[in-house]
Amino acid sequence: GAPAGWTLVNERSGLFVRRRTMETFAPGMSVLRADKVVPGVTADELFAVLAAPGCHTRWDERVDKTTLLESYGSGITTSFVKTRPSFPFSGRGFLVGSMAAHGMRTDEGSELMSPGMVRHPVYFYVTTSFSDEQSRFDLQRLNPEALPIGHVFVDGWILEPVDPYSSGSYPIPSTRVTHVVAIDYGGAIPKMV
C-alpha cells in the first residue's frame, strides 16, 4: 500500500513518486520520495555502486564531478559535488557529508526475534550538506567557476531485498529501492523549486 502521509505525484513503469511537506525537516520545501522494485539485481550490488566514492558520476547523469575531501572510515565521507548545467540553470556546487550503513530488519519490522521470523538485510546511503564556516576547505580551488552553492537537506537511499515469497511476482534477486530527496539548489532559484 501507499505510505501514510505521502501524496502520489506520478507513477510510471512501476516507479512511484510521492511528495510530502516536512516543515521541521526541510522548511518551506516538499520532500520527494520515489519507490521502485529493481529486478535481477541484489541489494548489496546496488549498495556497492551507490556508496563507492567517485561512482556518483556513473549513476547520476546530473553530477559532473565529485571531489572526495575526507574519508573517516566505516562509509563516512565528505565531498564537494558539482552538477552539470541543465537549461535554463547553471551547474551548482554542494559541500556534502555521506554515510553508508547496513543492518537487519525482521519481517515484522521489529528487532525482537521470535521463532519463525525472517531477518532481511537493509542498506542505507544518506547525504546531507554541511557548512564550512571555518573555511576548512578551499572553496576557490574546489569551485573556480564560482557556481552557486546549494543545500542538500537529505538525499537518502534505502535498499531491501524483495522477499521471494511476497505477493508480487519479481525475479530472484530483486531489490526494493526507496529514494528520499529534498534539495535547495541555491542561487536565484526559489527553494520550493
### Query
What's the carbon and sulfur percent of the chain's accessible surface, probe 1.4 angstrom, rounded to a whole number?
57 percent
### Query
Considering the dipole of the chain built from charges on the beta carbon (Lys and Arg +1, Asp and Glu -1) around the Cα centre, which of Gly91, Val17, Ala2 is farthest to its positive end?
Gly91
### Message
Nothing charged except the Cβ atoms of Lys and Arg (+1) and of Asp and Glu (-1): what's the magnitude of the dipole of the chain about its Cα centre? Round to the nearest 20 debye.
### Response
460 debye
### Environment charge at Arg18 (Cβ cut-off 14 Å; Lys +1, Arg +1, Asp -1, Glu -1)
+3
### Message
Checking the a/c ratio against 1.5 first, then a/b against b/c, what shape does the Cα gyration tensor give for segment 21-94?
### Response
rounded
### Task
Report Met22's accessible area, 1.4 Å probe, all protein chains in place, as a number in Å² to the nearest 10.
50 Å²
### Query
Largest first, how would Ser90, Ser169 line up by accessible area (1.4 Å probe)?
Ser169, Ser90
### Query
Expressed as a whole number of Å, what is the distance separating the alpha-carbon centroids of segment 3-22 and segment 40-84?
25 Å
### Query
What does the accessible area of Arg84 come to, in Å² to the nearest 10, when a probe of 1.4 Å is used?
110 Å²
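The values are calculated or read from the model by the stated rules, or taken from the named source; none is laboratory data. If you're wondering where the values come from, they're calculated on a predicted model, not measured in any experiment. Ideal geometry is used to build each Cβ from the backbone, glycine not excepted, and the neighbour counts take in all protein chains shown. Surface accessibility is based on the protein's heavy atoms, side chains included, excluding ligands, DNA and RNA. Shrake-Rupley method; radii C 1.70, N 1.55, O 1.52, S 1.80 Å.
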